[in-house]
Amino acid sequence: MTSGRRFNDVRIRLRRLNQTTLKLYNSSDYGAALVKAIEAGDLAMHMPKSDPEVLSALMNLAGIQETRAEYGDAESAWCSIRELPPELGDEGHDLQNDVLGHLGSIYASQGKDDKAEEMYRELVEHQIVKLGPKHSEYLTTLNNLAVICGNRGKYEEVENLLKCVASARSEVLGPKHPETAAALNNLAVLYHKTERYVEAEASLSHALEILAATVGTEHPNYQTSLASLRV
């Protein structure tokens, strides 16, 4: 009985700490939120890993540390979350998807492109099964992977990734959608970087036509693409 009561007391305290952490974070008081998140994280170590409050505590801590660019600590927190039971994620919410995405972003922010590429490749494999090849989150991950591959000089793969994104955006959203234009613009940037200027101009011109018809010629996205065309 005493053990059960102690467990419930700890769980109630942890839940309150999690709630306080979120309240402070949402009010942009990141320093105070971090203090509470660390306290909650320490308390979570005395709880079963299967308890949802443990997940909440670690995700709060990882998110705040990432927001504060404390990447080493954030990496440790996300890796701890990766060890939790995957079924802890909310219904319709994929825990593995979150962890891999955040770790990829953290590594990319630190210029650790080899590790970022590893995380994004694993995430792509995970999302293609869970979400399908035309899901928005999957296509965003392909874009992120393309950026990393570009940093590493893997331009042929970058082209294949960006063409896949452009094709899926056009099929799902339509050939005249701003997101389709953005995908074409990314391809144009790649072509320009690899000195394929005719292809770069063709992609950018196509993107400009779409943007002019959808958001207008005064929109910042149109102006950015127009400036790229003049380079």
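The values are calculated or read from the model by the stated rules, or taken from the named source; none is laboratory data. Since this is a predicted model, take the numbers as computed values, not measurements. Because the Cβ atoms are built from the backbone with ideal geometry, glycine has one as well, and the counts that use them run over all protein chains shown.
Side notes on the structure shown:
- Complete set of residues in segment 12-66 that are among the acidic types (Asp, Glu) and either in contact with a Cys (Cβ under 9 Å, 6 or more places away or on another chain) or farther than 14 Å from residue 76 by Cα (or both): 29, 39, 51, 53
- Residue 66 of a type outside the set (A, V, I, L, M), within 30 Å of residue 146 (Cα to Cα) and in contact (Cβ under 8 Å) with a residue 40 or more places away in the chain: yes
- Of all residues assigned to segment 189-212, none qualifies as being closer than 21 Å to residue 119 by Cβ and in the same structural domain as residue 228 (by TED's automatic domain parsing).
- Pair list, Cβ < 7 Å and 6+ apart or interchain, from segment 20-36 residues that are within 13 Å of residue 68 (Cβ to Cβ) to residues that are β-branched (Val, Ile, Thr) and crowded, with 19+ Cβ neighbours inside 10 Å: 25/64; 30/64; 33/21; 33/64; 34/64
- Test result for residue 19, in contact with an Asp or Glu (Cβ under 9 Å, 6 or more places away or on another chain) and at pLDDT 95 or above: no
- Every residue from segment 27-63 that is assigned to a helix (DSSP H, G or I), surrounded by fewer than 21 Cβ atoms within 10 Å (Cβ to Cβ) and polar (S, T, N, Q): 56
- Hits in segment 92-133 (condition: touching a Lys or Arg at 6+ places or on another chain (Cβ under 9 Å) and surrounded by fewer than 19 Cβ atoms within 10 Å (Cβ to Cβ)): 94, 95, 96, 97, 113, 114
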